[in-house]
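Working notes, structure below.
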Amino acid sequence: MAERLAKAIGADLVEIEPAEPYTAADLDWRDDASRSNREHRDRSIRPAMKTPIDVSGYDTVFVGYPLWWETAPRVVRTFLESQDFTGKTIVTFATSSTSVRGADGTQLHDSAPSADWKPGKRMASNESEASLAAWVKSLGL
């Protein structure tokens, strides 16, 4: 979805990657001991990022993520808390086959309190570039 959005609006694309990649076992939500479950239970966890991301040259940052338990994976908070978003706009978008809550990004606002947050959106897997461009235009950025 991020690639499609970037193409639709002519934006740069940078991936938020954890230093330790997630394995299939890490993502097994049915296993109470899986890494994703442990991170979900402990809201203070901030997985290290593989590479720092510098947003200083941008006025608006779109932050995309899969919804895990109706919120972003913890590494997204690592990213948000690693930057100064004063004077910047953040717009979230999320993917999920079942969840609808959490895509608006409100649960992330405390990780970048100085940002101007715009309402985010849950994206369907078949979202077209035209509809993505129309959504961004509707934000009035």
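Which of the residues that make up segment 39-72 are within 19 Å of GLU17 (Cβ to Cβ) and part of a strand (DSSP E or B)?
Those that are within 19 Å of GLU17 (Cβ to Cβ) and part of a strand (DSSP E or B): MET49, VAL61, PHE62, VAL63, GLY64, TYR65, PRO66, TRP68, THR71.
For TYR22, only one of the following conditions fails: (1) in contact with a strand residue (DSSP E or B) (Cβ under 7 Å, 6 or more places away or on another chain); (2) surrounded by 11 or more Cβ atoms within 10 Å (Cβ to Cβ). What is its number?
TYR22 satisfies all of (1) in contact with a strand residue (DSSP E or B) (Cβ under 7 Å, 6 or more places away or on another chain); (2) surrounded by 11 or more Cβ atoms within 10 Å (Cβ to Cβ) except (1).
State yes or no: is LYS118 within 19 Å of LEU5 (Cβ to Cβ), surrounded by fewer than 20 Cβ atoms within 10 Å (Cβ to Cβ) and touching a Leu at 6+ places or on another chain (Cβ under 7 Å)? Can you show your working first?
On the way: within 19 Å of LEU5 (Cβ to Cβ): yes; surrounded by fewer than 20 Cβ atoms within 10 Å (Cβ to Cβ): yes; touching a Leu at 6+ places or on another chain (Cβ under 7 Å): yes.
Here the answer is yes, as LYS118 does meet what is asked.
Restricting to segment 95-114, and then to whatever is surrounded by 14 or more Cβ atoms within 10 Å (Cβ to Cβ) and among the charged types (D, E, K, R), can you tell me which residue is modelled with the highest pLDDT?
Of everything passing the filter in segment 95-114, ASP104 is modelled with the highest pLDDT.
List every residue pair whose Cβ atoms lie under 7 Å apart, where the two residues are 6 or more positions apart in sequence or sit on different chains, the first residue falls within segment 54-79 and is on the phi > 0 side of the Ramachandran plot, and the second residue, located anywhere, is of a type outside the set (A, V, I, L, M, F, W, C).
TRP69/HIS40; GLU70/SER99; GLU70/ARG101; GLU70/GLY102
Would you confirm, using the coordinates I've provided, whether GLU129 is open to solvent by 40 Å² or more (accessible area, probe 1.4 Å), acidic (Asp, Glu) and without any contact (Cβ under 8 Å) to a residue 40 or more places away in the chain?
Values: open to solvent by 40 Å² or more (accessible area, probe 1.4 Å): yes; acidic (Asp, Glu): yes; without any contact (Cβ under 8 Å) to a residue 40 or more places away in the chain: no.
When the stated conditions are applied, GLU129 does not pass them.
Give just the number: which of (1) part of a loop (DSSP other than H, G, I, E, B); (2) in contact (Cβ under 8 Å) with a residue 12 or more places away in the chain does SER36 not satisfy?
Result: SER36 fails condition (1) only.
Would you confirm, using the coordinates I've provided, whether VAL76 is closer than 23 Å to ARG122 by Cβ and either open to solvent by 20 Å² or more (accessible area, probe 1.4 Å) or part of a strand (DSSP E or B) (or both)? Write out each step before concluding.
Values: closer than 23 Å to ARG122 by Cβ: yes; either open to solvent by 20 Å² or more (accessible area, probe 1.4 Å) or part of a strand (DSSP E or B) (or both): no.
In short, no.
Does segment 36-51 contain any residue that is hydrophobic (A, V, I, L, M, F, W, C) and closer than 17 Å to VAL136 by Cβ?
Restricting attention to segment 36-51, the residues satisfying the condition of being hydrophobic (A, V, I, L, M, F, W, C) are 45, 48-49.
Filter again for closer than 17 Å to VAL136 by Cβ, leaving none.
Within segment 36-51, none of the residues are hydrophobic (A, V, I, L, M, F, W, C) and closer than 17 Å to VAL136 by Cβ.
The values are calculated or read from the model by the stated rules, or taken from the named source; none is laboratory data. The model shown is predicted, which means the values in this text are computed figures rather than measured ones. Heads up, the Cβs are rebuilt from the backbone with ideal geometry, glycines too, and the neighbour counts pull from every protein chain shown. The area values use the complete protein model at the heavy-atom level, side chains included, leaving out ligands, DNA and RNA. Shrake-Rupley method; radii C 1.70, N 1.55, O 1.52, S 1.80 Å.
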